[in-house]
Amino acid sequence: MKTKKAPNTKSRIIFFFVLAAYNLLLGVYLKDFFVLSPILLTFYFLSALPTLFFVLKIRSAPMCAIVYIVLFFVIVMSIFGFAYCSRLLPIMTMVTTASELMYLAIFDDSSGKDTLPTKIYVLAVSAFVIVALILSYNFVCKPESPYLLNGGATLWDTQTEELADEICANSNTDAEKVQAIYNWMIANFEYDYDYQILLQYFNVRRTLSTRKGVCYDFANLFAALCRSQNIPCYVVDGTPYNRSTEDHS
């Protein structure tokens, strides 16, 4: 009777380095946002931490079961986070985790015994992932600043803050700053009629560089500029009462 072959050490190492490289590049791209968005940071950890499971070869069925359960809950939290925040990163986290599950499903034989250091390692990585899961749930469902939950897709970086400082340089009150931001956006942006919406997400760098966008981009950019000036601002997504089939922000 043939048994499923154990994962080839070379393929596991290659898979680990591919995941590590992906998460490294993602971290470099998002580094400016991590300080400003604990939600984004926790979902990045949910993407990066499970990669550590592939550093060692896990043999025993109980340890493999723990890994499967942890990866399953990461996928569930990613779907949950995307539904609440409308951010692309939770979907990317879900895809990464799903690929890890597929790899295990194809190569995992769950036979043999693990050494004590391997068991401790698996449990330690699992504990870190569970902490990230709890934090992501708290950030999504119980934000420290409730106004940030509405328009949770709004992120900004240090360059956005510097730009907002320039726009509001001659403004003394919050009302004057809001008016200055509004006037600046009206004068510098145009509607992108060619934009094809497949997966709507806000990227402050893209919007500022192209000076184009749809209502979703403009609403989130306005909120980003306001919030970078410590002005609470809501982003409202919904359906206009007089156009029931057309979404608006």
> Is it true that Ser111 is under 30 Å from Ile231 (Cα atoms), at pLDDT below 90 and assigned by TED's automatic domain parsing to the domain that holds Leu41?
Replying inline: no
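The rows are residues; the columns are (1) within 20 Å of Ala98 (Cβ to Cβ); (2) charged (D, E, K, R); (3) more than 17 Å from the chain's Cα centre (by Cα); (4) assigned to a helix (DSSP H, G or I).
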{"site": "Tyr22", "(1), (2), (3), (4)": "yes, no, no, yes"}
{"site": "Phe43", "(1), (2), (3), (4)": "yes, no, no, yes"}
{"site": "Leu56", "(1), (2), (3), (4)": "no, no, yes, no"}
{"site": "Arg59", "(1), (2), (3), (4)": "no, yes, yes, no"}
{"site": "Ala65", "(1), (2), (3), (4)": "yes, no, yes, yes"}
{"site": "Leu71", "(1), (2), (3), (4)": "yes, no, no, yes"}
> Of the residues in region 105-129, how many are surrounded by 18 or more Cβ atoms within 10 Å (Cβ to Cβ) and either within 28 Å of the chain's Cα centre (by Cα) or among the β-branched types (Val, Ile, Thr) (or both)?
Replying inline: 5
> Limited to region 177-215, what total is found for residues that are at pLDDT below 85 and either in contact with a Leu (Cβ under 8 Å, 6 or more places away or on another chain) or in a helix (DSSP H, G or I) (or both)?
Replying inline: 6
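For every residue, the table says whether it meets (1) free of Cβ contacts under 8 Å to residues at least 40 places away in the same chain; (2) touching a Ser or Thr at 6+ places or on another chain (Cβ under 9 Å).
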site	(1), (2)
Phe43	no, yes
Tyr68	yes, no
Val74	no, yes
Ile79	yes, no
Met102	yes, no
Ser126	no, no
Ser136	no, yes
> So Phe34 fits all but one of (1) surrounded by 18 or more Cβ atoms within 10 Å (Cβ to Cβ); (2) at pLDDT below 90; (3) closer than 30 Å to Phe202 by Cβ; what number is the exception?
Replying inline: (1)
>> If I filter region 115-132 for residues that are outside any helix (DSSP H, G or I), in the same structural domain as Pro38 (by TED's automatic domain parsing) and under 19 Å from Met63 (Cα atoms), do I get at least one hit?
In response: yes
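From Leu101, Leu133, grab the single residue that is closer than 30 Å to Val236 by Cβ, crowded, with 17+ Cβ neighbours inside 10 Å, out of contact with any strand residue (DSSP E or B) (no Cβ under 6 Å at 6 or more places or on another chain) and modelled with pLDDT of 90 or more. I'd like the intermediate steps shown before the answer.
Details: Leu101 fails: closer than 30 Å to Val236 by Cβ.
Matching residue, one of Leu101, Leu133: Leu133.
The values are calculated or read from the model by the stated rules, or taken from the named source; none is laboratory data. Keep in mind it's a predicted model, so treat the numbers as computed, not measured. Positions of Cβ are backbone-derived with ideal geometry, glycine not excepted, and every protein chain shown enters the neighbour counts.
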